[in-house]
Amino acid sequence: MNTANARVRQEERLREVFENLLATVKDFVQHHEVTHDEYRRAVEFLCETARQGELTLLCDVFLEATVDAVESSGRMGTASSVEGPYYVPEAPVLRSPCVLPHRANEPGEPMLFHGTVRATDGTPLDGVMLDVWQADANGAYSHFDVAKEAAPYNLRARVFCDERGRFEIRTWVSAPYHIPKDGPTGGLLTALGRHPYRPAHIHVKLSHPQCLPLTTQLFYEGDPYLDSDVVGAVKAPLIVRLVKQEDPAEIRRQGLGSPFYALKYDFVLPHRTAKAA
Ligand code: MBD
Ligand code: FE
């Protein structure tokens, strides 16, 4: 498309949505009779949130699930979910089967994340890439780990599936996660009487040249926070049972010495032409 046209459209869109955002906020100020003191405190809260590097976290916690709901409306195939604040591009590239980058003494229960990726018509897809990232068993994401324990790209990778869309990724079960409790976002949640927890999850972005990209998350059946995710990002089809694998042959095949968990998921991607209008 013509780039000058695209810019004009973007400017029109900006004017339209920003004027409406302003009108909405002005109505809000009128409606609640917001005082000058409250206004100053709100501005200071945003400045402090930015100073502590939590602006993305704040927005993602309170708003991203709604943006996802709008964008995914009418979409076919596997349900989407929010990206969240902890995605890092350019993770190491691996080929399935593989083990995610990890520390020598990676804590937690080993997990095999495996399954297939098909198109909505059921055909297996050749050339799928899974960009996977997750918290470790202590609930920490590499790059954002304040304790600086995890290595760069720990439990992150871009994994190419085989030519039939199959993948087998060895990792570790992620822990239930809470967003930082001591920062501005955590403080606001406390003031609202809300807890800061997310159910344990693993993030995936799927891409294939002929398909619509998908950003989603998988959750574990039985997690105590499935019904009260602070981010509101859980969708029923994304909840999966972790199955304990105790067969000695399977344990040996994974190069492990003790039982592990298996998380199986079959993803479905719509072809680019299949996008709903
Ligand atoms: C997370 O780990 C996350 O995935 C989201 C969406 C928000 C906060 C923390
Ligand atoms: Fe997350």
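The values are calculated or read from the model by the stated rules, or taken from the named source; none is laboratory data. Just so you know, these numbers come straight off a predicted model, no measurement behind them. Using ideal geometry, Cβ is built from the backbone for each residue, glycine included, and neighbour counts are taken over all protein chains shown. These accessible areas exclude ligands, DNA and RNA; they are computed on the full protein's heavy atoms, side chains included. Shrake-Rupley method; radii C 1.70, N 1.55, O 1.52, S 1.80 Å.
Things to note:
- Ratio of the Cα radius of gyration of the chain to 2.2 N^0.38 Å, where N counts its residues: 1.13
- Protein heavy-atom surface of the stretch 35-269, 1.4 angstrom probe: 55% of the accessible area is carbon and sulfur, with nucleic acids and ligands not counted.
- A Stokes-Einstein calculation at 4 °C with viscosity 1.567 mPa s, built on the Kirkwood radius of the stretch 1-156 over Cα pairs, returns a diffusion coefficient of 64 µm²/s.
- At most 14 other Cβ within 10 Å, DSSP loop - trypsin sites (Lys or Arg not before Pro), the stretch 212-277: Arg241, Lys275
- Using the Stokes-Einstein relation with a Kirkwood hydrodynamic radius computed over Cα pairs, the translational diffusion coefficient of the stretch 1-59 at 20 °C and a viscosity of 1.002 mPa s comes to 151 µm²/s.
- Å² per residue, accessible surface of the stretch 61-190 at 1.4 Å: 45
- The Stokes-Einstein estimate for the stretch 177-277, based on a Kirkwood radius over Cα pairs and taken at 4 °C with 1.567 mPa s viscosity, is a diffusion coefficient of 78 µm²/s.
- Between helix 3-32 and the chain: long-axis angle, C-alpha atoms, 0 to 90°, nearest 10: 60
- Candidates per GluC sites (Glu not before Pro) in the stretch 175-277, loop by DSSP, up to 16 other Cβ within 10 Å: Glu221, Glu246
- Extension gain for Lys181-Asp266 works out to 27.1 nm (0.36 nm per residue, less the C-alpha to C-alpha distance).
- In the chain, the longest principal axis of the Cα atoms and the axis of helix 36-51 are about 30 degrees apart.
- Extension gain for Leu63 to Asp126 (0.36 nm times residue separation, less C-alpha to C-alpha distance): 19.2 nm.
- Model label zone, Glu16; criterion: amide N under 20 Å from point 7 Å along Cα-to-beta-carbon; scope the stretch 63-84: 67-74
- Linear extension gain, His195 paired with Val93, 0.36 nm per residue minus alpha-carbon span: 33.1 nm
- Using only side-chain charges placed at the Cβ, +1 for Lys and Arg and -1 for Asp and Glu, the dipole size of the chain relative to its Cα centre rounds to 700 debye.
- Top positive-direction residue, dipole computed over the chain with Cβ charges, set Cys161, Leu226, Pro89: Cys161
- Applying both filters, DSSP loop and at most 13 other Cβ atoms within 10 Å, to the GluC sites (Glu not before Pro) of the stretch 31-140 gives Glu33, Glu90.
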